[in-house]
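Here is the structure we will look at, set down as structure tokens.
The values are calculated or read from the model by the stated rules, or taken from the named source; none is laboratory data. All of these numbers come straight from a predicted model, not from anything done at the bench. Don't worry about glycine lacking a Cβ; one is built from the backbone with ideal geometry, like all the others, and counts go over all protein chains shown. The protein model used for the area step is the full one, side chains on, heavy atoms only, and it has no ligands, DNA or RNA in it. Shrake-Rupley method; radii C 1.70, N 1.55, O 1.52, S 1.80 Å.
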Amino acid sequence: MPDTPTVPAADRVPPGDDEPTAKELLSFGAVALPKELARTNASFLILPIFNIGMGFNPLIISMILMFQGIWDSVTDPAVGYISDNFKSKWGRRRPFILVGVVLTAIVGMAIWWFPRDWGETATLTYFGIGIIVFTTVQTIFAVPWGAMQLELSRTYHGRTRVVLFVSVFQKASYLITPWLFTITTLSFFVDELHGVRWTSAVFGTLLLIAGVVCFKYSRERTAVTVQVREGFLHALKNTIVNIHFLKIVWVYVVQLFCIGLFYALGAYVSIFYLFEGDKTRGAAHWAGMESFGNLLAFFAIPLVGIITKKLGKHRALQVSLVSMIIGQVLFYFLMDPSRPFLVYIVPFFHTMGISAVFIILPALMADVIDMDELKSGRRREGLFSAASGFIIKMAYSLANGLTGVLLVWVGFNIDATVVENASSIETLRFWFAFGPIVFLASSILVLRNYPLTEKRIAEVQAELKIRRAAAATEAANPQ
């Protein structure tokens, strides 16, 4: 039996209602703030808390991070496929968002509450199991929420508008996340562990509130009825062989691989190169530079909207990647212990560029899904979101594992003096600055002659509108 075309759920969203209201965009986008804070608190703080704070083996910690990323990448496609084919009076995505945020808030707090008198092995075993559980429950809401972002608007520039709203809250979280480790070192906490326990409680509560508001006010514009379900493996294969999808995912992979492998070294360079081992000053300086960059990123949000309208999404993305390369070069030459604040010049190029990248990529992915529907007759936002997550997180988990390997390879020792670590830190500084450039350049090449322009997407959407109208008529008047 041939696949039955998707049919819009007219009872849920009026046929001409292509754009979300500002209230809807705010309720949906607000989830990004506590989502990023909770995720960072649970994942990105593992290495500094357990290595710098507690002196645990960085290689073992990196292996935990790598396994977490692998598990996360495996669960994503399953949840995406399930939500694509899920049916309820609340839609395909919203029930997963509600249940997922409740579980994520609870587990995100629980993973840090292990007995203080446990040794390294017992502590890391508990945390390793806990972070796998956290990753699983986070996937329950994060994948459907990401898929819903792709379907809130049906228009080419409207999709960029959705991402711009989400980006405002993401950038707000980025003003805070660089300071998380610094916050845990403050004097009114007993130690870093005490600090991270409190931050996890605050972020979990915020996530719970935002998730409930999102569930209540957000609406699904491409909710569908599929009378014949496509097999999971067949659907996954058709997704990952899409050439347009692979180009977008490659840019994602490059960004997160660079962040996971190279950018994580920035705090080490700041602490041990710029500030000669002073954890509080070094971490605060690095957090300050990142926060300054994230503040600049707010100005990038409307700028990206303007550039994408003038140049098109993929050309605006190439410009952003060039800006990041300039920033990477500046990182090396402006890291000067006698003038540490020179690195504050870098965010004008680097952070502005990376913020634009993560605004444009989701909007491009939504266009890819339209093209896929034209060919397959199916809406697979969940599976596309999850399949990209699978590939990206596999790369990111590998990068996390390689971070610990790189620290060991260069001979860095957390217990050694700054003088003893001098050669290791210089090597880390080199890789931190120049390592990402080759990967960023490859992304620019991948986007050459990208075919899904505004004109082509307008043609695709016109064809889809005709097809959906015919399918709706057929469903309403069965023979």
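Per-structure values
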item: Contour excess over end-to-end distance, with Cα ends at W198 and I106 and 0.36 nm allotted per residue; result: 31.8 nm
item: Radius of gyration and maximum dimension Dmax of the chain, Cα, Å; result: 22.7, 83
item: Environment charge at A287 (Cβ cut-off 13 Å; Lys +1, Arg +1, Asp -1, Glu -1); result: +1
item: FRET efficiency, 1/(1 + (r/R0)^6) with R0 51 Å, evaluated for V241 and W409 via beta carbons; result: 0.90
item: Theoretical gain in end-to-end length, A22 to I466 [0.36 nm per residue, Cα-Cα removed]; result: 157.0 nm
item: Base-10 log of normalised Debye intensity for the stretch 15-112 (one unit scatterer per alpha-carbon) at q = 0.12, 0.13, 0.18, 0.24 Å⁻¹; result: -0.58, -0.66, -1.05, -1.38
item: The stretch 312-375: C-alpha gyration tensor shape, a/c 1.5 cut-off, then a/b vs b/c; result: prolate
item: Per residue value of the accessible surface for the chain (all protein chains in place, 1.4 Å probe), Å²; result: 41
item: Long-range Cα-Cα pairs in the stretch 77-146 (distance over 17 Å), rounded percent; result: 50
item: Förster radius 25 Å - calculated FRET efficiency between I437 and K309, Cβ distance, rounded to 0.05; result: 0.30
item: Kyte-Doolittle mean at least 0.5, axial Cα span of 20 Å or more - DSSP H helices of the chain; result: 58-84, 94-110, 120-149, 192-217, 243-261, 279-311, 313-334, 350-376, 381-409, 422-446
item: Calculated [θ] (222 nm, deg cm²/dmol) that DSSP helices of n ≥ 4 give over the chain, each run adding -39,500 (n - 2.57); result: -24000 deg cm²/dmol
item: Cα gyration tensor, the stretch 257-394 - rounded (a/c under 1.5), prolate or oblate; result: prolate
item: Net charge over other residues, Cβ less than 13 angstrom from the Cβ of F44 (K, R count +1; D, E count -1); result: -1
item: Contour excess over end-to-end distance, with Cα ends at L295 and V329 and 0.36 nm allotted per residue; result: 10.1 nm
item: Highest average packing first - 130-138, 299-307, Cβ atoms within 10 Å; result: 130-138, 299-307
item: Computed FRET value (nearest 0.05) for T121 with F430, which takes r as the C-beta separation and R₀ as 35 Å; result: 0.55
item: Cβ-defined net charge surrounding R456, 12 Å radius [Lys, Arg +1; Asp, Glu -1]; result: -3
item: Rounded percent of accessible protein surface that carbon and sulfur make up, the chain, 1.4 Å probe; result: 70
